[in-house]
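Please treat every number below as a calculation from the coordinates, not as lab data. No experiment lies behind these values; they were computed from the predicted model shown. Cβ placement follows ideal geometry from the backbone for every residue including glycine, while neighbour counts extend to all protein chains displayed.
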Amino acid sequence: MSSVFFRTLHARFDASGARGLFTPRKPRNPLLRVALGLVGVAVLAGLLVVGLVVGAAMVSFGLLRGALRGRTHKPARESLDAEYRVVSKPGQPVLR
């Protein structure tokens, strides 16, 4: 029964009147097409500008905060001296 339901689900949805409400259609008037195209480009440009402003604000806030805080800890003046040796794995050829 479930396979019949899912097989006919798309046919019932396509035949519904709600499909026409959400399908984008281009207007037939050429001036209105150009106007809507320009509105779309303006929206994209606005989103780009907003994104750039927000990004620049985040970077400048981080730099300003870092500059005002300064260093809270002093770097260590001593270094750790040690001796190391390479341990070879058994079964691996020795490369010299």
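Values for this structure:
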| quantity | calculated |
| --- | --- |
| Cβ crowding within 10 Å averaged over residues, with 39-52, 21-34, 79-92 ranked highest first | 39-52, 21-34, 79-92 |
| Kirkwood-based Rg to Rh ratio, the stretch 29-68, C-alpha trace | 1.42 |
